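Heads up: the structure comes next, in structure tokens.
Readers should treat all values here as calculations from the given coordinates under stated rules, not as data from a laboratory. The shown structure was predicted, so the numbers you read here are calculated from the model rather than taken from an experiment. Please note: Cβ atoms are built from the backbone with ideal geometry, for glycine as well, and neighbour counts cover all protein chains shown.
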């Protein structure tokens, strides 16, 4: 019996040493009870990531993230919080915990409208919208597939149009957006395309669509900025 | 009086009626608007979503062009105004390398705020020939014009007053409501239709509940969102006006139907009923 006890102890010590903490926690008795709905199944260790991500975010955005005391004012003010999988106040908590992947994989960062309600009403002046925006930047520059693909593609199309002409025209923007992979297919399936074409026709009849694309002469300079952004050398 | 004018992309396309009304109103007020030479897009939401550096660099080009003119900028579009202000603040902090020569010293005005100053209100009141008596309106500001207050400089961001003051000055009856600066969804409706529609529809419903007959806006995207959502609606229709369109209507004895040709929700019936249009 004593030998068995020693063996078990040794197993535990080995697991903790080799970083299998999560499996260790899973074997704890309180985890065996059925989790309440809404709780994440795998339990994450709090504070196992250190402050690296928090410090990085605070440094890059200039926002005092540690000032958040989870009053949920941001989530209550947010007009689209019910379309988000991670609510704005949770975003702040996740940043404090360093859960980077959860944030970059969330739909929150793409659904956010940047309407700045959260930032404006935060009692501690935490720039929630700025943080979500910075996370969106990070997600755009990472290999992670965006959860709201269409929204990401729309932003990308907008910038591509801007780079080509210097100005953006609604008609051409919609044309380029629809020609992106899978967008047209989706629209035909859901019957959105017909609706959109009819709307386009009405707008054109009313004289609201301009078919000729306006251009800026300084397009070269703008392209130069893009190259700098991507880190290319001209 | 001279000002440099940054119209923005929308005013060349979907909101060209806004651009035309701005031209006539400022001509009537005796203010010269000098369009910034060879302006380019401010980047809108897409630029700061995908690259914060672009959201500073793109408006900086327009600021540089305006500084050559040496005149204060006035921007009719809420998003353009916000990006210009944001870019200016970032330039002053010197956090980004910008390829253009910019000092960031020029004042950027929002068009509504510029026209709502006491001196301008007085000027507007002097020019009125036909006040819009009996027209009940609510003013809708949207988000980018008033928030974040640190960038836009609005101190009354919870209950902004600029459009209310202008609408009251031209004789309209302004109704107070609490959805003045709730977001209309902006361009999210293009990729996620249900989100955009739910937000816009709520604003429209609340506006109709107050008993308003029309909505006054200053943002091109808010106008098109609120206007287009009513295209198949039956029952009460609430036309959505740009504030300069109403000023123009008050400035001229005989308004023309053609000014409102671009509206999806036709306002001509309402205006005729009120005796504002022949």
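For this structure, a couple of remarks:
- Shielding by partners - mean other protein chain Cβ count within 10 Å, residues of B:145-154: 3
- Between residue B:168 and residue A:186, the C-beta separation translates, for a Förster distance of 51 Å, into a calculated FRET efficiency of about 0.65.
- Packing here is the average count of other Cβ atoms within 10 Å per residue, and on that basis the peptides B:65-74, B:13-22, highest first, run B:13-22, B:65-74.
- Computed from the Cβ-Cβ distance with R0 of 30 Å, the FRET efficiency linking residue B:193 to residue B:261 stands at 0.65.
- Kirkwood Rh and Cα Rg combined as Rg over Rh, evaluated for chain B: 0.96
- Residue-averaged beta-carbon neighbours from other chains (10 angstrom radius) around B:256-268: 1
- Between segment B:185-231 and segment A:125-202, the Cα center-to-center distance that results, in Å: 20
- Ordering of B:79-87, B:250-258, B:201-209 by packing [mean C-beta count within 10 Å, highest first]: B:79-87, B:201-209, B:250-258
- Ordering of A:133-142, B:26-35 by packing is A:133-142, B:26-35, highest average first (other Cβ atoms within 10 Å, averaged per residue).
- Comparing Cα centroids, segment A:63-79 and segment B:1-74 end up 34 angstrom apart.
- Note on segment A:117-156: percent of Cα-Cα distances in each 10 Å bin, starting at 0 and stopping at the bin with the largest distance, equals 28, 41, 26, 6.
- Of every Cα-Cα pair in segment B:190-233, the percent that sits beyond 13 Å: 57
- Rg and Dmax of segment B:25-88, based on Cα coordinates, read 12.7, 41 Å.
- Pairwise Cα inverse-distance average, inverted: Kirkwood Rh of segment B:165-226 (Å): 12.5
- Radius of gyration and Dmax over the Cα atoms of segment B:93-249, both given in Å: 17.3, 55
- Angle in degrees between helix B:118-127 and the longest Cα principal axis of chain B, rounded to the nearest 10: 40
- Ratio Rg/Rh [Cα only; Rh per Kirkwood] for the protein assembly as shown: 1.04
- For A:148-155, mean number of other protein chain Cβ atoms within 10 Å: 5
- Taking only the C-alpha atoms of segment A:79-167, the Rg (one decimal) and the largest Cα-Cα distance, Dmax (whole number), read 13.7, 43 Å.
- Footprinting exposure proxy ranking of B:236, B:36, A:109, fewest other C-beta atoms within 10 angstrom first, gives B:236, B:36, A:109.
- Cα pair count fraction exceeding 20 Å, expressed as % - segment B:177-278: 38
- Ranked list, fewest to most other Cβ atoms within 10 Å of each Cβ, for A:175, B:274: A:175, B:274
- Distance histogram for segment A:118-234 (every C-alpha pair counted, 10 angstrom bins, percent rounded to whole numbers): 11, 28, 33, 23, 5, 0
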